Amino acid sequence: MIPSITPLLNSDLQIVEQPTLTRGLNLPEGANRVRGRVDGLAAMRQAVYKIINTERYRYLIYSYDYGVELGDLFGRPVSFVCPEIERRITEALLADSRITGVGGFDFNLLRKGVVQVSFEVQTIFGSLIAQKEVNF
């Protein structure tokens, strides 16, 4: 006999946001060490770091809406690369429901083929500044 799902459909379901408590990455040392736990804004700093440093579609462990596509910018002119980096980072970060906005992009050409971008990320826990070096 197949159980009926009618009682489940008629009950009052509550949607609860999951906590951000996660293992703490040692970000200044390259995120290769896990130490303790972090929550709130510190957890969001880690989430932003992971999203902007994970190439989308490259790793099967991540879903297709996780990460950012920056690898195909190689060989493109800087006039194309900078606005495209801004669009792609914004799109990648806004896929996380805890991130409410991304803005304040600042680009610095470090040397030929390398641009450093810094930007502000607004989250439900507060704002943080992030940066990324992109080879193109």
Inset, instruction - Please specify each residue of region 44-91 satisfying the condition of being among the charged types (D, E, K, R) and either touching a strand residue (DSSP E or B) at 6+ places or on another chain (Cβ under 9 Å) or over 17 Å from L109 (Cα atoms) (or both). - result: R45, K50, E55, R56, R58, D65, E69, D72, E86, R87, R88, E91
Inset, instruction - Would you mind stating whether R76 is over 28 Å from G40 (Cα atoms) and either touching a residue at least 40 places away in the same chain (Cβ under 8 Å) or buried (at least 16 other Cβ atoms within 10 Å of the Cβ) (or both)? - result: yes
Legend entry - Evaluation of Y57 against (1) part of a strand (DSSP E or B); (2) within 16 Å of the chain's Cα centre (by Cα) (one fails), failing number: (1)
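Conditions tested, residue by residue: (1) of a type in the set (A, V, I, L, M); (2) closer than 16 Å to V134 by Cβ.
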residue: K50; (1), (2): no, no
residue: E69; (1), (2): no, yes
residue: D72; (1), (2): no, yes
residue: P77; (1), (2): no, yes
residue: I99; (1), (2): yes, no
residue: D106; (1), (2): no, yes
Inset, instruction - Could you tell me which of the residues F125, F136, F119 is surrounded by 15 or more Cβ atoms within 10 Å (Cβ to Cβ), touching a Leu at 6+ places or on another chain (Cβ under 6 Å) and under 28 Å from D39 (Cβ atoms)? - result: F125
Inset, instruction - Could you grab the pairs with beta carbons closer than 9 Å, sequence gap of 6+ or different chains, first residue in region 79-92 and in a helix (DSSP H, G or I), second one of a type in the set (G, A, S)? - result: I89/A130; T90/G101; T90/G103; A92/G67
Legend entry - Condition check for F107: closer than 20 Å to N53 by Cβ and more than 16 Å from the chain's Cα centre (by Cα): yes
Inset, instruction - May I ask you to say which residue of Q116, Q122 is free of Cβ contacts under 8 Å to residues at least 24 places away in the same chain, of a type outside the set (A, V, I, L, M, F, W, C) and more than 21 Å from G40 (Cβ to Cβ)? - result: Q116
Legend entry - The one condition in (1) part of a helix (DSSP H, G or I); (2) surrounded by fewer than 16 Cβ atoms within 10 Å (Cβ to Cβ); (3) in contact with a Phe, Trp or Tyr (Cβ under 9 Å, 6 or more places away or on another chain) that Y64 fails to fulfil: (1)
Legend entry - Residue match in region 36-43 (condition: at pLDDT below 90 and not polar (S, T, N, Q)): yes
Legend entry - Inter-residue pairs, beta-carbon under 6 Å, first buried (at least 18 other Cβ atoms within 10 Å of the Cβ) and in region 37-53, second aromatic (F, W, Y), 6+ apart: M44/F125
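The values are calculated or read from the model by the stated rules, or taken from the named source; none is laboratory data. In this text, all values refer to a predicted model and were calculated from it rather than measured experimentally. A quick note on method: Cβ atoms are made from the backbone with ideal geometry, for glycine too, and the neighbour counts reach across all protein chains shown.
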